[in-house]
Amino acid sequence: QVQLVESGGGLVQAGGSLRLSCAASGSIFRINAMGWYRQGPGKQRELVASISSGGSTNYADSVKGRFTISRDNAKNTVYLQMNSLKPEDTAVYYCNADVRRTILTGSAGYWGQGTQVTVSS
């Protein structure tokens with residue numbers, strides 16, 4: 001099994017910052033891409049940012065210049081530094097990882113349980 005555990009969410013005023021962390025554990029041979037998604041009230045889940053195993057990054061237009069994704073491969077952990085937060089960033093943030101569990105198997109996607117981020121105006 002593979003578990004993803006997020007931390008770092010909370011309540012912050014507009015213009016503030018938060019840093020989310022997501023640690024993967026369990027039966028892991030290799031982690032390919034990792035990413036953060038979010039789902040706001042009444043909205044569909046959307047990609048916020050992703051990072052490849054080699055460090056290439058991709059961001060949603062709405063967060064470019066404000067959010068930074070990074071990863072520590074030795075710790076199987078991905079981070080999301082969120083600056084200049086806006087009320088519209090309020091959502092449940094989910095971690096996702098594409099994990100290969102053994103050298104003999106293909107990869108599969110796993111999700112964390114989500115962490116609430118609330119930005120007050």
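The values are calculated or read from the model by the stated rules, or taken from the named source; none is laboratory data. Remember, predicted model here, so these are calculated numbers, not experimental data. Ideal geometry is used to build each Cβ from the backbone, glycine not excepted, and the neighbour counts take in all protein chains shown. The protein model used for the area step is the full one, side chains on, heavy atoms only, and it has no ligands, DNA or RNA in it. Shrake-Rupley method; radii C 1.70, N 1.55, O 1.52, S 1.80 Å.
So which of Lys64, Lys75 ends up being touching a residue at least 24 places away in the same chain (Cβ under 8 Å) and open to solvent by 40 Å² or more (accessible area, probe 1.4 Å)? Quick ask: steps written out before the conclusion?
On the way: Lys64 fails: touching a residue at least 24 places away in the same chain (Cβ under 8 Å).
On inspection, the qualifying residue turns out to be Lys75.
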| request: All but one of (1) open to solvent by 70 Å² or more (accessible area, probe 1.4 Å); (2) in contact with a Phe, Trp or Tyr (Cβ under 9 Å, 6 or more places away or on another chain) hold for Asn58, so report the exception by its number. | output: (2)
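Here is a check on your reading of the model: is Lys86 in contact (Cβ under 8 Å) with a residue 12 or more places away in the chain, basic (Lys, Arg) and surrounded by fewer than 13 Cβ atoms within 10 Å (Cβ to Cβ)? Talk me through it step by step, then tell me what you get.
Numbers: in contact (Cβ under 8 Å) with a residue 12 or more places away in the chain: yes; basic (Lys, Arg): yes; surrounded by fewer than 13 Cβ atoms within 10 Å (Cβ to Cβ): no.
So Lys86 does not fit the description; no.
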| note | Contact list, first residue from segment 17-44 and over 11 Å from Asn96 (Cα atoms) and open to solvent by less than 40 Å² (accessible area, probe 1.4 Å), second anywhere and among the acidic types (Asp, Glu) and part of a strand (DSSP E or B), beta-carbon distance below 8 Å, six or more apart or interchain, is Leu20/Glu6; Ser21/Glu6
| task | Give the residues of segment 26-43 that are among the basic types (Lys, Arg) and under 17 Å from the mean Cα position of the chain (by Cα), sorted by residue number. | result | Arg38
| Is it the case that segment 106-116 has a residue that's assigned to a strand (DSSP E or B) and more than 15 Å from the chain's Cα centre (by Cα)? | yes
| Residue that is nearest to Gly15 (Cα to Cα), among those in segment 89-120 that are at pLDDT 95 or above and open to solvent by 60 Å² or more (accessible area, probe 1.4 Å) | Gln116
